[in-house]
Amino acid sequence: MISASPSSHSKSDTSVIGQLARSVVLCLLPLIPLAITTWLAMQFEKIVSGETLTFEIAWVPSLGIEASFFLDAFSLTFALLVSGIGTLVMLYATSYMTGDLRKWRLFGWLMLFLFAMLGLVTADNIIVLFVFWELTSISSYFLIGHKHEDATARASALQALLVTGTGGLAMLAGLILVAMATGTDQLTEILDQPELIRQSPFVTGMAALLLLGAFTKSAQFPFHFWLPDAMSAPTPVSAYLHSATMVKAGVYLVARLSPAFAGVPFWDFSVIIAGTVTALLGGFLAWQQTDLKRILAFSTISALGTLMLLLGLGTTYAVQAAVLFLVAHSFYKGTLFLVAGAVDHTCGTRDITRLGGLMRHVPGLGLAAILAGVSLAGVPPAAGFLAKEFVLKASLGSDWPELLTAVVFLISLFFVMVAGLVVIKPFFGSSESLPQMLHRPDARLVLPPLFLGIAGMAAGLLANVYGKPIVAGAMAAISPDVKIKSLALWQGWNLPLMLSLVALVSGGVLYAVRQPMISLFAPLTRFCVVFPTDVYRASLAGLNSMTRWQSHLLQDGRLRVYLLVVLITLCSLVAGTLNVVNLPTEASWLPLKPYEMMMPFLILCATLMAIRAKSRMAAICALGVIGYAIALIFVIFGAPDLAMTQLAIETLTVLLFVFVIYRMPRFATLSGRKSRVRDAIVAIIAGGLMSVIALVASMSHVPSRVSEFYANNSYTVAQGRNLVNVILVDFRGLDTMAEVTVLSIAALGIVALMRLQFRSVSDSTDSVKEEDAEVKDDMDNTKADTESVERLTHDSHIDNDSDISKRNP
Amino acid sequence: MEVVMAITVGVLYAAGFYMILRRSLVKVIIGLALLSHASNLFLFTVGGLTRNGTPLISESGVMEAEVYADPLPQALILTAIVIGFGVQAFALVLFKRVFQTVKSDDLDELTTTEQAEVTS
Amino acid sequence: MRSNILTTATGFLLPLLLLFSVFLLLRGHNEPGGGFVGGLAAASAFSLHAITHGVRPTRAVLRVQPRLLMGIGLWVAILSGLPALLLDLPYLTGQWAGWKIPSIGKLGTPLFFDIGVYLAVLGMVMTIVFELVED
C-alpha cells in the first residue's frame, strides 16, 4: 500500500497528484492504528466482564492448522498498548522522518510490525503465534537497518535478527513439544490442561526451549546485548519496538504460559535468575551511559528483567505488580524515547553531557519528560509509583525477602538516577555547551510524548476507579488463583512506601555523585558490556569458519567430488530406508525365455565396452548398441511406440556424438589407479542399490487404477485405440505441451551457446588484465560492455543474413 | 525375467556412475548417456513387464491383448526418451564450448574461475 | 563424409522417409506412431540429408528455419486446446468432428495437437543438428 506510492523519487515531488496521494497516506498512517484502538476500546466492556472474543479462519486445512485468534483481558491490555502507542508513534514518525528519502519504507515496516504484534498477542494457534513472532523479528531487522549505508546499523540489525531468530526457532521447537504433549495446538486448550505438560517427561526441555525464545526476544541476560545496539534504528522505532512493545513479547510469552509452567522448578528458577541478573545489569549499566537512547535502552533491559522476575515469583502481589509495571513502563519509556528523539531532532545531539537547560526552549517536551520521569522514578501519583509499590510488596512477600528486597531497592535507585539523567540534566542542567538549536519541533513531535506522559499520569490516578477490572482480568490470565488487591495510590504508611522514599532520596544523592562512581566501577562495567558481545562475535566467527571448512571439504570445486558426495549420501539414505523385509514372497515373475537373454547380454557387453574403450568411436558405437538393444526390449515387452522412438532417438544421438566428440580430444586416463578403484566401488554399490530398488518395486507392482481408467475411456471418450498416444495427446496433453516447450527451450539454449562468443583462456587472461586496468574508469568498462553486446548482435545479424541467402540460393 | 532386467539396470547405472566420476570430459558425457539409458530401462522394468501385451484397442473397442502392458509408464518413458535427447544434446554442446574455451578436457582444470586463474 | 552412392540414395530416400513420417503421425492415434515418432523420423531423414549433402542444401530443402518450425509447432499445439474453452470445457479437452476424411481418419483437436508436437520435435532436432553440423 505504502510502497506503491511514487514517493521515494524526488522527481515526483512536483506532481500534484503524487503530493496529494502522499498527504492522504500520511494522514492514514496514524488513523489506521487509531481505528484499531477505538475498536479495541469498544470491546473493553465485553472483555472485562469475562468474555473472550475468538475468531478463526482455515489456514492450512490439510495440516489441520487454523489461524485462530482470541482476545481476553491480558491480550486486550497488550493490544491496546500496541495500537494506542502505535497511533502516537505513527503521528510522531510522520514529522520525525521528514526529509528522509526512505521514510515510506520505514512506514511500511512499522505498519507490518503493528499488525504482526497485534497478531502475536491475540494468536490462539501456536503456529500462528510463531509466524507473527518471527514477523516482528523481521520487521525489527529492517527497521534497525533503516540507515543501511551505515555499517554499524547493518551489523546491529543482523545481530538482533540472529539472536531473536535463533531464540524464535528454539521457541518453535518448544511449542511443538508442547503441542505433542497436549495433543492440541490451540493455546487456550493447552492452558486448560496444564497437568499434561507437567507430567510430560520433556517438561524441562520444553521450558528451556520456550524460555530461550522469550529471553532472546525480551533481551534477558545473557542475550541482552542486542538491544542497546538496536538503538541504531530511528527513534520512533526504538520507542515503539524496542521499549514499548516488541521486546515485551518475551514477557507476554512467559506470562501466557505461566498457568502451565509455573511451579515447574526449572521454569521458575530460570525466570527468577535471568530476571534478577538482567534487572541489576541493565540498571547498573544505564546510568553510566551518556547517549540518551542508550541510557533508555539499558533501563529498558532492567525493566524487562524486573518483569521477568515478577512473573517468576508468581505471587498475587508479584502478578499484580507485573501487570501494573508492564503498562506503566510502556507509557513512561515510550514517552522518554519520543522526547529523546525530539531533542535529537531539535539540537542535533543526544549526548547528555552537551545538553542542558532545554526547558526554556521546548517547554512542551520538558513537561512530557517531567511527567514520564516522575513515573520512572516512582513518585506519586504516577502509574510508576503504584507499580513500584507492588514490586516492593512482592519482594517483601517472597521466599527470600531480604535478598529480593535489596535487589528491588537497588533497581529503584538506578531508576531514580536514570530519571535524573534523562530529565533533569537535559532540561534543567547547565547549558553552557548547548549546541545551537537547529529548529523548533513541530506539534507532531511534541504532542505524542506529551499525550503519552499525561496518559501515564492519568493511569496512576484513575487506576483504582477504572483500572481494576482489566488488571484483574489480566492477572487471571497469568495466574488463575490470584485475587486483585486495591489499586489506591495511598495505601497507608507501610514498609514499601518507606523504602520508596529512601530510594528516591538516596537515588537523588547518587545522581549527584555519579561521576566518581563511574570510574570506581569501570572494570566491572567493561566486563558486563564486553563479555556477551564477545561471545556472540566469537560464535559468529566460529560458524563462519566451520561453514568454510565444510564447504571446502564437500564442495572443493571438482565435479567428481560433488558427485561422489551426492552418490554416497544417496546410497546411505536409500539403503537406510529400503524395506526388504516385508515383501510379498511370491511375485508373479515372467519366466525366462532363452532368446530374450540376448538383449541383456548384449547390453552388458556393450556397457563393458563403453567403459573400457580406448577410442571415442568405440565408446559411441557401444552406446548405440545399448540403445538399439533397449529398443528391442521395448518391442518384446509390448511397447512398439517406445521402440520406434528409441530407435529414432538413438540414431540421432549417435550422429550428434560423432559430430561433437570427433572434435574433442582422445580419451585420456587422468585419474590415478587409487581413485579409479574407489569410484568403481562407489559406482558398483550405487548400481547394485538401483538393482535392488528395481526388484523391490517390480515385486510390489500393482496395476494402477489410473491405467485402468485410461484403458476404459480411451476408445469411448478419447476416440483413440493407441493408449500410449491417447495419454500423450489427450489425457495428459498439457504435460506433453510442457515437455515440447522444454525441448524447444533446450534447442534455443543450444543455439545461444553456439553463437555466444567466448574468449579462450589466453585471450581472456589479457582482457581481464585490461579490465583490471580499466576498473578505475567505469565509463570505459561500460563502453567495452556495450561494444561486446554490439558484437553479439552484429554476429546474429550476419547469421540472419546468411540464413536468408541460404534460403534463396 | 525381472531379475535379469534388474541386474541389467544395475550394471548400466554402475557404469554410468563410474563414468561421470571420471576427470575426462568426454567420459562424463558417455556416462550421462549411460545414465539416461539406465533410467529408461529402470522405469520400464518397474512399470511391469508383459510379453506381447501391446496396449492397443481393437476396432471392435476391446483390448487386443488379454494381459496388456501398462500404458502409463510407457507414455512417461516416451517423453523421458525425447527429453533425454534434449538434455544430452545440450550437455554435448556445453562441453564442446567449455573445451573450446578452456582448451582442456580435464575437469579438474575447471575448478577455478577466470579471475582466479589469472592470479595463480 | 562424401559418398556418391549415399548422396544419390538419400536424395531419393528423403521424400520417402518424409512420407513415412507423416504416415506415422496420422496413424498414431490408433496404431503405434504419433507426433513424437513422426517428428523424429522426419528429423532423421533431414539429418541424413544434411550429413550427405551438407547443411546448406538441406536448409534449402527445408525452406523454413527450423526455429520457426518449432514456434509454429508450439502454437498449433496451444491453439488446438482452444476449441474446448469455447465449449466451456477444460483446456485441451479433445473435440472430434462427426465425419471421417478418407485415408486419414477422424478429424479432431488431438490430431492438431499431435501435428504441433510433430512440427516442434522436427524443428527442435533440426535446430540442434544444424547448429552442430554446420561448423
**Study point:** Cα long-axis angle, helix C:4-27 against chain C (0 to 90 degrees, to the nearest 10)
**Key:** 10
Revision key, fill the gap. For segment A:368-450 the translational diffusion coefficient, Stokes-Einstein from a Kirkwood Rh over Cα pairs at 10 °C and viscosity 1.306 mPa s, in µm²/s, is roughly 107
Check your understanding: Once the piece of chain linking residue A:454 and residue A:189 is laid out straight, how much longer is it, given 0.36 nm per residue of separation minus the C-alpha distance between them?
Key -> 91.5 nm
Revision key, fill the gap. So the FRET efficiency between residue A:410 and residue A:526, C-beta based with R0 = 22 Å and rounded to 0.05, is 0.65
Review point. Taking only DSSP H segments of four or more residues, each worth -39500 (n - 2.57), what value at 222 nm results for chain A once the sum is divided by all its residues, to the nearest 500 deg cm²/dmol?
Key: -24000 deg cm²/dmol
**Study point:** Separation of alpha-carbon centers, segment A:242-298 and segment A:79-127, rounded to whole Å
**Key:** 22
Review point. Quick one: Kirkwood hydrodynamic radius for segment A:15-261, alpha-carbon pairs, angstrom, one decimal?
Key: 18.9
Exercise for review: Enter the mean number of other protein chain beta carbons within 10 Å of the beta carbon of each residue in C:24-33, as an integer.
Suggested key: 6
Check your understanding: Over segment A:266-520, what relative contact order in percent results from Cα pairs under 8 Å that are six or more residues apart?
Key -> 25
Study note, to complete from the structure: If A:658, A:362 are placed from fewest to most neighbouring beta carbons inside 10 Å, the sequence is A:658, A:362
Exercise for review: Going by C-beta contacts inside 10 Å, put A:612, A:676 in order with the fewest on the left.
Suggested key: A:612, A:676
Review point. So how far apart, in nm, are the two label points at residue A:541 and residue A:204 if each is 7 Å from Cα heading toward Cβ?
Key: 3.4
Check your understanding: FRET efficiency for residue A:43 and residue A:155, Cβ-Cβ distance as r, R0 = 41 Å, nearest 0.05?
Key -> 0.45
Exercise for review: Report the chymotrypsin sites (Phe, Trp or Tyr not before Pro) located in segment A:392-491 that are in a DSSP loop and have at most 15 other Cβ atoms inside 10 Å of their Cβ, or state none.
Suggested key: A:490
Review point. DSSP loop GluC sites (Glu not before Pro) in segment A:20-104 with at most 15 other Cβ atoms within 10 Å of their Cβ, which ones?
Key: A:51
Review point. Using a ≥ b ≥ c from the Cα gyration tensor of segment A:559-733 (square roots of the eigenvalues), is it rounded, prolate or oblate, where a/c under 1.5 gives rounded and otherwise the larger of a/b and b/c decides, a/b for prolate?
Key: oblate
Point to revise | Simple spin-label estimate for residue A:605 and residue A:663 in nanometres, 7 Å along Cα-Cβ | key: 3.4
Review point. So how do C:49, A:148, B:37 line up by other beta-carbon neighbours within 10 Å, fewest first?
Key: A:148, C:49, B:37
Review point. Angle between the Cα long axis of helix B:2-20 and the longest principal axis of chain B, 0 to 90 degrees, nearest 10?
Key: 10
Check your understanding: For chain A, what relative contact order do you get, as a whole percent, if you take Cα pairs closer than 8 Å and at least 6 residues apart?
Key -> 9
Point to revise | Pair residue A:502, residue A:708: separation of 7 Å Cα→Cβ label points (nm) | key: 8.8
**Study point:** Helix axis angle, A:126-144 relative to chain A longest principal axis, alpha carbon, degrees
**Key:** 80
Review point. When the Cα centres of segment C:92-112 and segment A:469-514 are compared, how far apart do they sit, in Å?
Key: 89
Study note, to complete from the structure: Here the whole-number average of other chain Cβ atoms within 10 Å per Cβ of A:705-715 is 4
Review point. When Cβ neighbours within 10 Å are restricted to other protein chains, what is their mean count per residue of peptide A:612-619?
Key: 2
Revision key, fill the gap. Rounded to 0.05, the calculated FRET efficiency for the beta carbons of residue A:28 and residue A:512 at R₀ = 41 Å is 0.30
Review point. So how strong a dipole does segment A:559-733 carry about its Cα centre when Lys and Arg Cβ are +1 and Asp and Glu Cβ are -1, to the nearest 20 debye?
Key: 1020
Exercise for review: Compute the Cα gyration tensor for chain A, then decide on rounded, prolate or oblate, letting a ≥ b ≥ c be the square roots of its eigenvalues: rounded whenever a/c is under 1.5, prolate when a/b is larger than b/c in the other cases, and oblate in all that remain.
Suggested key: prolate
Review point. From the square roots a ≥ b ≥ c of the eigenvalues of the alpha-carbon gyration tensor of segment A:346-496, which class results: rounded (a/c under 1.5), prolate (a/b over b/c), or oblate?
Key: prolate
Review point. Segment C:58-92: which trypsin sites (Lys or Arg not before Pro) are DSSP loop and have at most 15 other beta-carbon atoms within 10 angstrom?
Key: C:63
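Read-outs: derived from the displayed coordinates by stated rules, not from any lab. Keep in mind that what you see is a predicted model, and the values were worked out from it rather than measured. Virtual Cβ from ideal backbone geometry, glycine too; neighbours counted across all protein chains shown.
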